[in-house]
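A.B. asks: Sharing a structure with you now.
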Amino acid sequence: MRITKFGHACVRVQGDGGVVVIDPGVFTDGAALEGADAVLITHEHPDHVHPDHFRGSGVPIWTIAAVDRLLREQAPEVADRVTVVRPGDRLEVAGTAVEVVGEKHAVIHPDYDRFDNSGYVLESGGSSVYHPGDALTPPGREVDVLLAPVSAPWLKVSEAIDFVREVAAPRSLAIHDRVYSDIGLDMVATHMGNLLPAGQAFERREPGRDL
């Protein structure tokens with residue numbers, strides 16, 4: 001499995017059967033979709049889904065009902081390429097096994113309504129990777145790589161560290177990292193290095209770089 005970090009929350013996963021792109025939003029260059037066989041979208045916020053990315057592409061999309069509604073409103077020409085998934089679903093996408101995990105976005109503020117959000121565990125060639133979207137919902141199983149959110153209006157560094165500890169993947173790759181400056185991201189990496197137990201590595205990659 002080859003994992004390539006793109007802008008903010010977007011990651012490309014090259015499995016045995018093809019390329020799956022997760023959460024290509026407004027902070028992601030459209031080139032992330034080049035050669036993609038499938039797209040997974042966790043929720044409707046624009047830093048995770050940007051309808052313009054799909055207008056010039058025939059790539060099929062798997063996502064939750066809320067995103068399906070958004071795409072039908074904002075990019076109706078891509079609606080026939082969308083398959084709706086639900087928490088607990090197990091499916092195969094571009095030759096990669098996918099499990100749909102979780103149902104709600106993390107709490108931004110109690111006065112806001114909760115958004116729907118489902119993460120994805122992808123498995124191919126004996127390796128697995130988990131993208132939680134905007135939530136700290138554990139995958140309910142062991143994974144080899146956690147795509148770990150590190151900066152957001154709904155997230156404290158202590159929560160990010162505890163989530164990485166809880167999932168206990170051997171390797172965690174920082175995602176959702178556009179909100180902080182480089183100084184802030186260096187602080188996160190320092191805290192992760194200080195506080196993660198032995199056997200858990202934390203890494204950050206620039207857009208376009210492989211894990």
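The values are calculated or read from the model by the stated rules, or taken from the named source; none is laboratory data. Because the structure is a prediction, the values reported are computed rather than measured. Note: ideal-geometry Cβ built from the backbone for every residue, glycine included; neighbour counts use all protein chains shown. Accessible surface is based on the protein model in full, side chains and every heavy atom, while ligands, DNA and RNA are left aside. Shrake-Rupley method; radii C 1.70, N 1.55, O 1.52, S 1.80 Å.
A.B. asks: Which residue is surrounded by the most Cβ atoms within 10 Å (Cβ to Cβ), if the candidates are limited to segment 21-35 and must be under 21 Å from Glu203 (Cα atoms) and of a type outside the set (Ser, Thr, Tyr)?
C.D. replies: The qualifying residue surrounded by the most Cβ atoms within 10 Å (Cβ to Cβ) is Asp23.
A.B. asks: State whether the residues of segment 168-191 include one that is out of contact with any strand residue (DSSP E or B) (no Cβ under 9 Å at 6 or more places or on another chain) and touching a residue at least 60 places away in the same chain (Cβ under 8 Å).
C.D. replies: Yes, segment 168-191 contains a residue that is out of contact with any strand residue (DSSP E or B) (no Cβ under 9 Å at 6 or more places or on another chain) and touching a residue at least 60 places away in the same chain (Cβ under 8 Å).
A.B. asks: May I ask you to list the residues in segment 107-150 that are in contact with a His (Cβ under 6 Å, 6 or more places away or on another chain) and among the polar types (S, T, N, Q)?
C.D. replies: If the condition is that a residue be in contact with a His (Cβ under 6 Å, 6 or more places away or on another chain) and among the polar types (S, T, N, Q), then Asn117 is the only one that fits.
A.B. asks: Report those strands (runs of 3 or more DSSP E) wholly inside segment 1-45 carrying at least 3 residues which are under 22 Å from Pro87 (Cα atoms).
C.D. replies: Passing ranges, in order: 11-14, 19-22, 38-41.
A.B. asks: Hey, among the residues in segment 49-71 that are assigned to a loop (DSSP other than H, G, I, E, B) and open to solvent by less than 40 Å² (accessible area, probe 1.4 Å), which one's farthest from Arg81 (Cα to Cα)?
C.D. replies: Among those that are assigned to a loop (DSSP other than H, G, I, E, B) and open to solvent by less than 40 Å² (accessible area, probe 1.4 Å), it is Val49.
A.B. asks: When the residues of segment 1-14 are filtered to those that are surrounded by 24 or more Cβ atoms within 10 Å (Cβ to Cβ) and either without any contact (Cβ under 8 Å) to a residue 40 or more places away in the chain or not basic (Lys, Arg) (or both), which remaining residue is farthest from Val107 (Cα to Cα)?
C.D. replies: Within segment 1-14, the match that is farthest from Val107 (Cα to Cα) is Val13.
A.B. asks: Out of everything in segment 137-191 that is among the aromatic types (Phe, Trp, Tyr) and under 17 Å from the mean Cα position of the chain (by Cα), what residue ends up being most open to solvent (accessible area, probe 1.4 Å)?
C.D. replies: If we take residues in segment 137-191 being among the aromatic types (Phe, Trp, Tyr) and under 17 Å from the mean Cα position of the chain (by Cα), then Trp154 is most open to solvent (accessible area, probe 1.4 Å).
A.B. asks: Further, regarding this structure: Of all residues being among the acidic types (Asp, Glu) and over 11 Å from Val11 (Cβ atoms) in segment 196-210, which is surrounded by the most Cβ atoms within 10 Å (Cβ to Cβ)? Just the residue, please.
C.D. replies: By that ranking, first place goes to Glu203.
A.B. asks: Same structure again: Take Asp177 and decide whether it is more than 22 Å from Ala66 (Cβ to Cβ), modelled with pLDDT of 95 or more, acidic (Asp, Glu) and not in a strand (DSSP E or B).
C.D. replies: yes
A.B. asks: Say we look at segment 99-121 and pick out the residues that are open to solvent by 10 Å² or more (accessible area, probe 1.4 Å) and of a type in the set (Gly, Ala, Ser); which of these is nearest to Ala38 (Cα to Cα)?
C.D. replies: Among those that are open to solvent by 10 Å² or more (accessible area, probe 1.4 Å) and of a type in the set (Gly, Ala, Ser), it is Gly102.
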